[in-house]
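Written out below as structure tokens is the structure these notes cover.
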Amino acid sequence: MKHKVDLHGLSYKEAVKKAEMTLVGASFDKAMVVEIITGKSKEMQDRIIKEVIEVYKFPYYIPAYNTGMIIVEHDEIL
């Protein structure tokens with residue numbers, strides 16, 4: 001199932017919390033795909049990756065066609 005979370009306008013702390021809640025909730029889907037929209041902020045992306053994605057060991061990539069988002073895909077239940 002595809003999920004989307006837009007972090008525009010949030011503080012770093014709020015964005016990390018919202019991304020974490022979305023990813024953990026979505027991780028119960030067998031075929032999870034989450035689009036995390038960060039905008040062009042490299043610092044925002046780095047924080048989300050370091051403080052959430054790497055902690056939970058989710059596979060992710062930043063698509064070349066839109067560097068203002070992170071796509072997280074996971075195909076099994078944690």
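Please treat every number below as a calculation from the coordinates, not as lab data. All values derive from a computational prediction rather than experimental measurement. Neighbour counts run over all protein chains shown; Cβ positions are idealised from the backbone, glycine included.
Summary of values
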read-out: Sorted by Cβ density within 10 Å, fewest first, the residues H74, H8; value: H8, H74
read-out: 10 Å Cβ shell holding at most 12 others, DSSP loop, chymotrypsin sites (Phe, Trp or Tyr not before Pro): longest site-free stretch of the chain; value: 29-64
read-out: Loop-located trypsin sites (Lys or Arg not before Pro) in segment 1-55 whose Cβ has at most 15 other Cβ within 10 Å (DSSP); value: K30, K40
read-out: Residue among V24, V33, V16 with the largest mean-square fluctuation in a Gaussian network model of the chain, springs linking Cα atoms under 10 Å; value: V24
read-out: Rounded tilt (10° steps) of 12-26 against the dominant C-alpha axis of the chain; value: 20
read-out: For segment 38-78: rounded, prolate or oblate by the Cα gyration tensor [a/c cutoff 1.5]; value: oblate
